[in-house]
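Report on the following structure.
The values are calculated or read from the model by the stated rules, or taken from the named source; none is laboratory data. From a predicted model like this one, the values you see are computed outputs, not experimental measurements. So basically every Cβ, Gly included, is an ideal-geometry build from the backbone, and we count neighbours across all protein chains shown. Heads up: the accessible areas ignore ligands, DNA and RNA and are worked out on the full protein's heavy atoms, side chains in. Shrake-Rupley method; radii C 1.70, N 1.55, O 1.52, S 1.80 Å.
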Amino acid sequence: MKKVEISLSLIEADDLSELTPDEQELIKTSRKMTTQAYAPYSGFFVGAAVLLENGEIITGSNQENAAYPSGLCAERVAVFAASAKFPGIKIKAIAISGNSKSRDIDHPVTPCGACRQVMLEYEVKQDEPFKVYLSGYSGKIYVIEKVQDLLPLSFTSKELKNL
Ligand code: THU
């Protein structure tokens, strides 16, 4: 028996100025998208912006519903829209930002488990990692090199091959 440790390393930027203009643009777009959220029940606004290898940026925001589980997170809205509009085009990066009705969020918002699983599906499918930028409406930004880092011991399609 042995102890196994799985660690996550990420880059923490103090603010947008530490990132490239393209990265800043993607994060700003996701922050802008928080204002498009339909979140009357939680008051928690999430925006997402997906950069594709063809240069397109596909956006999303969380969409809630009176029947609560029928709603969808911003990341999944954006990633599904990107795959629906540009099937087979690789994702280069996704920026995810959060804000709230009551006060501006000044720390990185982290994606829920279901969104990590969905993002990982596309990363595995395209066989190339993509970056994830996490932030609030202001403040620090986390840069994660690949979705896999956000979901250790994940279940993927590889498990279903050769059954
Ligand atoms: N939400 C997202 O859009 N992304 C996440 O990764 C976490 C949660 C949304 C879902 C719901 O509309 C609200 O935030 C509160 O959970």
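Inside region 121-136, can you point out the residues that are part of a loop (DSSP other than H, G, I, E, B) and farther than 11 Å from residue 92 by Cβ? Listed by number, the residues that qualify are 127, 136. Does residue 113 qualify as being open to solvent by less than 80 Å² (accessible area, probe 1.4 Å), within 13 Å of the ligand (Cβ to nearest atom) and out of contact with any strand residue (DSSP E or B) (no Cβ under 9 Å at 6 or more places or on another chain)? Judged against the criteria, residue 113 is a match.
Here residue 104 passes the criteria (1) outside any loop (DSSP other than H, G, I, E, B); (2) open to solvent by 20 Å² or more (accessible area, probe 1.4 Å) except the one numbered (1). The residues of region 41-100 that are within 14 Å of the ligand (Cβ to nearest atom), in a strand (DSSP E or B) and hydrophobic (A, V, I, L, M, F, W, C), listed by number, are 44, 45, 46, 48, 49, 50, 72, 94, 95, 96. Filtering region 17-34 to residues that are touching a residue at least 60 places away in the same chain (Cβ under 8 Å) and within 17 Å of the chain's Cα centre (by Cα) leaves 23, 26, 27, 29, 30, 31, 33, 34. Taken over region 116-131, the criterion of being open to solvent by less than 30 Å² (accessible area, probe 1.4 Å) and out of contact with any helix residue (DSSP H, G or I) (no Cβ under 9 Å at 6 or more places or on another chain) is satisfied by 126 alone. Candidates 134, 151: the one that is in contact with a Pro (Cβ under 6 Å, 6 or more places away or on another chain) and buried (at least 16 other Cβ atoms within 10 Å of the Cβ) is 134. Only one entry of 122, 133, 137 meets the criterion of being at pLDDT below 95 and within 16 Å of the ligand (Cβ to nearest atom), and that entry is 137. Give the residue that is surrounded by the most Cβ atoms within 10 Å (Cβ to Cβ), with candidates limited to residues of region 137-148 that are under 19 Å from residue 91 (Cα atoms) and aliphatic (A, V, I, L, M). Here the answer is 147.
For region 21-40, how many residues are away from the ligand (no atom under 16 Å from the Cβ) and open to solvent by 70 Å² or more (accessible area, probe 1.4 Å)? Total meeting the criteria: 4.
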